[in-house]
Amino acid sequence: MPGTTETASSTGTGVQARRRPLHRYRIATASALTAVATAAALLTGPSAQAAPPTPVSAATARAYLGELTVKAEGSMSGYSRDKFPHWATQTGSCNTREVVLKRDGTDVEQDSGCAAVSGKWHSDYDDADWTAASDVDIDHVVPLAQAWRSGASSWTTEQRKGLANDLTRPQLIAVTDNVNQAKGDKDPAQWMPPLASYKCTYVRMWVQVKHYYDLTVDSAEKSALQSDLSGC
């Protein structure tokens, strides 16, 4: 019967001889199909994520928020962005900024030094589209100065480097440069993305990052986050 396995015996060489061509044909067919699939994958490549990692759900964010320590923000004494080394080399000549530009953009082309020379970027903060990497900033969702005042001042430089270059949590996102500059180091009680429909995503990102790094929240910040999450 087709598909059955026959057991060889001392007198079964004729059966084996008949089976071998079919066996070789199946291997050759499978190899050809694999080669076609591999070639297609190389031609098309993986689809662009075009977004930072998906943040935790609103329910999880609410639970995380309840676990954060509420404390008045610390001072800026001793703060320097140099104490949060960025942009770190990720692979080859590609640093964190270039990796995020590639990840968050579409049709991004990079030169031999990994700099983005063309592509398209959509800024979720303000629903704007850009075709020049110079118009795009990589925002630290929890700003470095904010992190400093929320507990990072006592970290090691290596720990601060981890926050500044975190590609695993939703801490880095490509957005319109002047929108990022308007945000500065403000928390959600002081600033929210201009695009109202992105508010829920933004606060989930914020809470997830603060929870992961065990950073504190002040009372106004927590109230704003609770209010925003209640509508998610």
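The values are calculated or read from the model by the stated rules, or taken from the named source; none is laboratory data. All values derive from a computational prediction rather than experimental measurement. With ideal geometry, Cβ positions are generated from the backbone for all residues, glycine too; neighbour counts draw on all protein chains shown. Side chains included, ligands, DNA and RNA excluded: accessible areas come from the protein's heavy atoms. Shrake-Rupley method; radii C 1.70, N 1.55, O 1.52, S 1.80 Å.
A few notes on this one:
- Taking region 100-120 as the range and being buried (at least 17 other Cβ atoms within 10 Å of the Cβ) and either over 15 Å from the mean Cα position of the chain (by Cα) or farther than 14 Å from A174 by Cβ (or both) as the test, the residues that pass are V108, Q110, C114, A116, G119.
- Residue satisfying all of: in region 121-140; in contact with a helix residue (DSSP H, G or I) (Cβ under 7 Å, 6 or more places away or on another chain) and not in a strand (DSSP E or B); least open to solvent (accessible area, probe 1.4 Å) among these: Y125
- Against the test of being touching a residue at least 60 places away in the same chain (Cβ under 8 Å) and not hydrophobic (A, V, I, L, M, F, W, C), the options G119, G105, G92 yield a single qualifying residue, G105.
- Scanning region 168-216 for residues that are among the β-branched types (V, I, T) and farther than 23 Å from D135 by Cβ returns T168, V203, V207, V209, T216.
- Members of region 74-89 that are under 26 Å from A132 (Cβ atoms), open to solvent by 40 Å² or more (accessible area, probe 1.4 Å) and in contact (Cβ under 8 Å) with a residue 24 or more places away in the chain: R81, H86, W87
- Condition check for P52: assigned to a loop (DSSP other than H, G, I, E, B), closer than 17 Å to G162 by Cα and in contact with a Lys or Arg (Cβ under 6 Å, 6 or more places away or on another chain): no
- Test: residue in region 141-148 that is in a strand (DSSP E or B) and either more than 18 Å from the chain's Cα centre (by Cα) or not hydroxyl-bearing (S, T, Y) (or both): no
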